[in-house]
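Structure, as structure tokens:
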Amino acid sequence: MNAPDHEPIASIPELLAHALELEIESRERYRDLAQCMALHNNPDVAALFEQMAGYSELHARSVEVRAQGYNLPVIAPWDFKWNCPEGHESPCLGDAHYLMNRRQALELARHNEIRGREFYARVAIYSPDPEVSALAREMADEEQEHVDLLAQWIARELVAAEAPLEDLDPPHIPE
Ligand code: ZN
């Protein structure tokens, strides 16, 4: 794990401000991905991404509840924009991501969940304030659950890719 690029996070409001940015960005990206998968006849992956968007929404709301009574600092939101996994061979984010397949979409999500987990884990390690560390540790654990969930889905895709071709995609029957 890399050392933090920034000063360690030393206060609860600072942590909450970052968490809020991170969760809102995740919610938006998951909604995009869900829409994209739904348009491409991947209703199960679309449903998974809707579920993940829901988790991000819940986290954002619970961060807002914790933040009541604090003045959250304004932070640089670009720290929390999703990015593409390294060596990603196809369009990843933005208008082009409708070209992504199921597996690439899941890997994009996992990659960014790992970034979220590492962000919180770094805060937990480097914060000088034990209360900040404890809260960041909780948040890192939640992100780990998301990473695990996506890893399970990716594993399932890999199994499907090895199955005989006729099992891959049931024929699409137009209504
Ligand atoms: Zn997450």
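Rounded to whole numbers, the Karplus 3J(HN,Hα) couplings from phi for the stretch 43-50 are x, 6, 5, 4, 5, 4, 5, 4 Hz, using 6.51 cos²θ - 1.76 cosθ + 1.60 with θ = phi - 60°, and x at Gly and Pro.
Can you tell me how much longer the chain between residue 142 and residue 154 gets when fully stretched, taken as 0.36 nm per residue apart minus their C-alpha distance, in nm with one decimal? Could you put the intermediate results ahead of the total?
Working: separation 12, 0.36 × 12 = 4.32 nm, distance 1.88 nm.
Extra length available between residue 142 and residue 154 comes to 2.4 nm.
Sparse packing (at most 13 other Cβ atoms within 10 Å of the Cβ) combined with a DSSP loop state is found for the following chymotrypsin sites (Phe, Trp or Tyr not before Pro) in the stretch 47-83: 70.
Values in this text are rule-based calculations from the coordinates and carry no lab data. Remember, predicted model here, so these are calculated numbers, not experimental data. Note: ideal-geometry Cβ built from the backbone for every residue, glycine included; neighbour counts use all protein chains shown.
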